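In what follows, a structure is listed as structure tokens, so that the remarks can point back to it.
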Amino acid sequence: QVQLVESGGGVVQAGDSLRLSCAASGLTFSNYAMGWFRQAPGKEREFVGAISWNGGTTYYTDSVKGRFTISRENAKNTVYLQMNLLKPEDTAVYYCAAQYGTVARKGELWYAYWGQGTQVTVSS
């Protein structure tokens, strides 16, 4: 069955960096656009960014533009979220998700498969 496993979360200080990884199995990874979402305590899950099937197109929510970068290695069935200049408001559980198709989309309903999430905590 399809599995998405996130890793790389942790506790950091404001201004630090983290790189999250999401390893996929059970699917033809290059057939899927990939997205990152996050859910902070007491808030709804929100879109962070997404990447097209070949990495040629990425886009981000405004609050992370210029600080976060999504990339992927299809040969390793892995997508990454590089997070720089972290802020306390970035504290959340981060999820990766897979959307069948080449074009990455923002809406959660497009994503068929989800990981279990990894906690990122940014202290001030």
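Starting from the Cα of Lys87, draw a straight line to each of the lysines and keep only those under 18 Å, dropping any in the same chain fewer than 8 residues away.
Candidates past the 8-residue exclusion: Lys43, Lys65.
Would you mind computing, in nm to one decimal, how far apart the modelled labels at Leu109 and Ser124 are, each placed 7 Å from Cα along Cα→Cβ?
3.7
Quick one: dipole size for the stretch 14-111, taken about the Cα centre, charges +1 on Lys/Arg Cβ and -1 on Asp/Glu Cβ, in debye to the nearest 20. Could you put the intermediate results ahead of the total?
Details: 11 positive and 8 negative charges, 25 e Å.
Around 120 debye, computed over the stretch 14-111.
Going 7 Å from the Cα of Ser25 along its beta-carbon direction, which residues of the stretch 58-76 have the amide nitrogen within less than 18 Å of the resulting point?
Only 73-76 pass the distance filter.
Are there any GluC sites (Glu not before Pro) in the stretch 25-85 that are in a DSSP loop and have at most 15 other Cβ atoms within 10 Å? List them by number. Please report the intermediate quantities before stating the final value.
Details: sites: Glu44, Glu46, Glu73; in loops: Glu44.
Filter output for the stretch 25-85: Glu44.
Could you pull out every residue, at least 5 positions away or on a different chain, whose amide H is within less than 5 Å of the one on Gly49? Hs are placed 1.01 Å off N in the peptide plane, and Pro or chain starts have none.
Trp36, Thr61
Once both labels are modelled 7 Å past Cα along the beta-carbon direction, what's the Ser17-Gln3 spacing in nm?
Here the answer is 3.0 nm between the modelled labels.
Hey, how many Å between the Cα centroid of the stretch 86-124 and the Cα centroid of the stretch 25-40?
First find each Cα centre; the distance between them is then 9 Å.
Mind listing which trypsin sites (Lys or Arg not before Pro) in the stretch 1-110 are in a DSSP loop and have 11 or fewer other Cβ atoms within 10 Å? Walk me through the numbers before you get to the answer.
Details: sites: Arg19, Arg38, Lys43, Arg45, Lys65, Arg67, Arg72, Lys76, Arg105, Lys106; in loops: Lys43, Arg45, Lys65, Arg67, Arg105, Lys106.
Answer in residue order: Lys43, Lys65.
By accessible area of protein heavy atoms, probe 1.4 Å, what ranking do Ser25, Ser124, Ser52 get, highest first?
Numbers: Ser25 50, Ser124 135, Ser52 10 Å².
Sorted descending by solvent-accessible area, the residues read Ser124, Ser25, Ser52.
Tell me, what ³J(HN,Hα) does each residue in the stretch 118-124 have, in order and in whole Hz, if you take phi through Karplus 6.51 cos²θ - 1.76 cosθ + 1.60 with θ = phi - 60° and put x for Gly and Pro?
The phi angles translate into 9, 7, 10, 10, 10, 9, 8 Hz.
The values are calculated or read from the model by the stated rules, or taken from the named source; none is laboratory data. This one's a predicted model, so the numbers in the text were calculated from it and none came from an experiment. Neighbour counts are summed over all protein chains in view; Cβ atoms, including those assigned to glycine, are modelled from backbone coordinates with ideal geometry. For accessibility, only protein heavy atoms count, side chains too; no ligands or nucleic acids. Shrake-Rupley method; radii C 1.70, N 1.55, O 1.52, S 1.80 Å.
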